[in-house]
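Right, one structure below, let's go through it.
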Amino acid sequence: MNTATPVILDCDPGHDDMLAIMLAAANPDVELLGITTVSGNGSLDKVTYNAQRICALAGITVPIGRGANDPLSGKASAAPTIHGASALDGADLPEPTYDVSPLPAVELIAKLVDECDRRVTLIPTGPLTNIAMFLQAYPELHSKIERISFMGGSTERGNWTPYAEFNIWADPEAADIVIRSGLEVTMSGLNITHQALATEEVLNRILSLDTPLARTVVDLLIFFKQTYQDVFNMPDPPLHDPVAVALVIDPEIARMKFAPVAVELEGALTRGATLVDLYGTTGQEANVHVAMELDVDLFWNLVIGAIARLGAHS
Ligand code: RIB
Ligand code: CA
């Protein structure tokens with residue numbers, strides 16, 4: 001019996017999504033069943049092409065399903081100031097080695113979940129549009145979802161507006177559906193992902209792997225570092241998305257708080273904010289496992305270990 005946790009990664013690559021893909025593909029405690037894409041850091045075409053190129057670079061061969069180009073309401077967003085015009089600037093990447101799945105994202109998720117012999121963990125690291133659409137279209141498959149470990153939101157301030165984090169801001173209605181789904185939901189918000197900083201020491205550890213893959217990853221992270229310095233005046237960039245994967249690999253990697261979480265849908269200035277009731281002042285029922293404090297050394301050991309494994313074969 002395969003004891004690895006089966007996972008599906010729904011993403012918008014994106015530099016940090018790239019490391020989430022590599023961690024999910026290479027860590028032996030998870031089994032990556034497939035990748036689905038959603039517009040966010042770039043258009044659906046760009047993030048899907050990037051997912052294909054990351055798989056070509058790292059020798060990953062799982063099915064890739066194209067997802068939503070627009071949020072449930074409103075228009076698509078992008079983040080070229082952070083990830084560049086291609087949504088993954090900073091290095092020359094190989095062309096795709098295989099086509100995307102003929103199944104669109106929601107149907108691919110349904111097929112992979114239905115056919116898996118274990119309950120599946122969904123790991124969204126972009127806007128939650130695909131996941132919300134899957135939950136609405138396939139209620140009969142909810143019993144086969146182990147949990148949803150998403151990167152998004154924050155217990156504090158935002159990064160796209162003063163109080164909204166990008167993934168939630170891009171599709172607040174989808175986030176609301178996921179958070180109120182009644183499934184086990186784990187949130188890796190900015191409050192914890194800003195502890196996962198790609199410092200000079202981390203970049204040097206990756207470079208010391210001395211493989212073409214490691215060098216390409218560092219080139220991409222150097223681009224990401226520069227945009228975070230330019231936009232946020234942060235010396236080291238936070239690698240948000242692999243935190244959501246690391247929590248599935250090792251639930252002990254972070255201190256968690258089970259708390260009531262709600263998404264602001266109406267606020268003229270706060271739409272997309274995640275209201276995390278850490279002190280029980282709202283009287284609401286807790287509904288989300290909120291990651292609070294990261295074991296940073298263990299996190300980077302997991303990420304660098306994945307790059308090392310992939311680099312040995314690609
Ligand atoms: O706010 C950070 C999140 O938005 C990350 O997932 C990043 O890749 C972008 O999608
Ligand atoms: Ca992302």
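Being of a type in the set (A, V, I, L, M, F, W, C) and open to solvent by 10 Å² or more (accessible area, probe 1.4 Å) is the filter; apply it to segment 5-29 and report the residue that is farthest from W160 (Cα to Cα). Taking the candidates together, the pick is A26.
Taking the criterion of being among the β-branched types (V, I, T) and either open to solvent by less than 20 Å² (accessible area, probe 1.4 Å) or modelled with pLDDT of 95 or more (or both), the only residue of segment 69-85 that qualifies is I82.
Kindly provide the set of residues from segment 264-293 that are under 19 Å from the mean Cα position of the chain (by Cα) and open to solvent by less than 20 Å² (accessible area, probe 1.4 Å), ordered by number. Once the filter is applied, which keeps residues that are under 19 Å from the mean Cα position of the chain (by Cα) and open to solvent by less than 20 Å² (accessible area, probe 1.4 Å), segment 264-293 yields G272, A273, T274, V288, V290, A291. Of the strands (runs of 3 or more DSSP E) lying entirely inside segment 257-314, the ones with 1 or more residues being touching a Leu at 6+ places or on another chain (Cβ under 8 Å) and over 26 Å from L197 (Cα atoms) are found at 261-263.
Number of residues in segment 10-49 that are away from ligand 1 (no atom under 11 Å from the Cβ) and either at pLDDT below 95 or not in a strand (DSSP E or B) (or both): the value is 15. Going through (1) open to solvent by 10 Å² or more (accessible area, probe 1.4 Å); (2) under 13 Å from the mean Cα position of the chain (by Cα) one by one, S149 falls short only on (1). Quick one: in segment 225-262, of everything that is more than 18 Å from the chain's Cα centre (by Cα), of a type in the set (A, V, I, L, M) and within 15 Å of ligand 1 (Cβ to nearest atom), which residue is surrounded by the fewest Cβ atoms within 10 Å (Cβ to Cβ)? Filtering segment 225-262 for residues that are more than 18 Å from the chain's Cα centre (by Cα), of a type in the set (A, V, I, L, M) and within 15 Å of ligand 1 (Cβ to nearest atom), the one surrounded by the fewest Cβ atoms within 10 Å (Cβ to Cβ) comes out as V231. Of all residues in segment 59-108, those that are under 22 Å from L135 (Cα atoms) and of a type in the set (D, E) total 2.
A Cβ distance below 6 Å, combined with a sequence gap of six or more or placement on separate chains, defines the contacts here; from segment 136-154, residues that are of a type in the set (S, T, N, Q) reach residues that are outside any strand (DSSP E or B) in the pairs S149/A244; S149/L247; S149/V248; S154/E165; S154/G189; S154/L190; S154/N191. Residues of segment 132-157 that are within 16 Å of ligand 2 (Cβ to nearest atom) and touching an Asp or Glu at 6+ places or on another chain (Cβ under 6 Å): M151, G152, G153, S154.
Whenever a residue of segment 3-24 is touching a residue at least 24 places away in the same chain (Cβ under 8 Å), its partners that are near ligand 2 (Cβ under 7 Å from one of its atoms) and in a strand (DSSP E or B), lying with C-beta atoms within less than 6 angstrom and at least six residues away or across chains, give the pairs D17/C11.
The values are calculated or read from the model by the stated rules, or taken from the named source; none is laboratory data. Being a predicted model, the structure only gives us computed values, none of them experimental. Methodologically, a virtual Cβ is constructed for each residue, glycine included, from the backbone with ideal geometry; neighbour enumeration extends over all protein chains shown. Accessible surface is based on the protein model in full, side chains and every heavy atom, while ligands, DNA and RNA are left aside. Shrake-Rupley method; radii C 1.70, N 1.55, O 1.52, S 1.80 Å.
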